[in-house]
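Read through the structure below, which is laid out as structure tokens, and then see the notes.
Coordinate-derived values only; no laboratory data. Predicted, not measured: the structure shown is a model, and the values here were computed from it. Every residue, glycine among them, receives a Cβ derived from its backbone with ideal geometry; neighbour counts consider all protein chains shown.
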Amino acid sequence: MIKIGMPQLYEFDTVEDNLKLAKELGVDFIELNLNFGYCRKEMEAKTIASLLEKYKVEATLHFYDEADFASYDEVVDAYLVLLEKYASLACGYIKQINMHLIPGPVVTISGVKNYIYEKEYDEYITRLINNFKKAEKICNKYNINMVIENTDNIPEYTKRSYHDLYKAGFRFCYDIGHDHLSYDIVWNLLNEIDLPFDEFHIHDAKDRKKCHLSLGDGTLDIKKFKDLAEKNNAYVVLEVKQSSDLISSVPLFKKL
């Protein structure tokens, strides 16, 4: 059975404000977000576990958006230090940590984007898999599952990355709005490989330009993605960005 959750919201200033809304909406969990300073401060203050118990809500964690595990060793080492820090603080109450799959540096020539990781694919994928394995080992040390999420506007070479990450045994988060902006690369990959999804980020999207819309404000077939999430018994974050959109989206999603 799926678990329905909400993202930590920018409009709030404390984790407890988020949890109050989560309780009102009747969702199962909140996805905390390390990009927000108040999340990091409250994790470091060790106050979140008791708040989750108070409101009877579970939690997952979104790692830094910009963390590129295929980057230079010195850069990746810094992110692994941060991961160790927050995974240790999260032990016992965070169920899952979500990492972005970063397209990497781009060289634009005559208006066309050229991806360095694509040109240097063999070196790139070796670094990426080795470093994600290090990250996964840290997460598992603290009894936390790790998933890898597609970003928006991902390039075509990412299909090859997914095949190799799948072979390496990783598990995934499927962001359906990001995939819409990427012309359904991940969805179409499902015809080739049975990607194991432990998490979904569900929000509406339209025109290959806009996502994170309230459910019903875009053109996506949300029901087919809910069915896929149920097949995977996944965590589902209704990843809209403000409380008003959550208030309208949660009941709609539950009725599908």
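Going by neighbour counts of Cβ atoms within 10 Å, the residues Asp194, Asp164 line up, fewest first, as Asp194, Asp164. Amide H neighbours of His203 under 5 Å, at least 5 residues apart or on other chains, H built in the peptide plane: list them. Under 5 Å from the amide H of His203 lie the amide H atoms of Ile176, Gly177, Glu239, each far enough along the sequence or on another chain. Between Glu84 and Ser244, the C-beta separation translates, for a Förster distance of 35 Å, into a calculated FRET efficiency of about 0.40.
For segment 103-136, backbone nitrogen atoms closer than 19 Å to the point 7 Å from Asn35 Cα along Cα-to-C-beta are found at 103-106.
Tell me the net charge near Ser249. Cut-off is 10 Å between Cβ atoms, Ser249 excluded, with +1 for each Lys or Arg and -1 for each Asp or Glu. Once all neighbours under 10 Å are counted, the net charge is -3.
Tally the DSSP beta bridges in segment 3-255 and give the antiparallel ones as a percent, rounded to 5. Here the share of antiparallel DSSP bridges comes out near 15 percent. Rounded to the nearest 20 debye, the dipole size of the chain about its Cα centre is 540 debye, using +1 on the Cβ of Lys and Arg and -1 on the Cβ of Asp and Glu.
The residues Ser71, Ser243, Ser88, when put in order of fewest to most other Cβ atoms within 10 Å, stand as Ser88, Ser243, Ser71.
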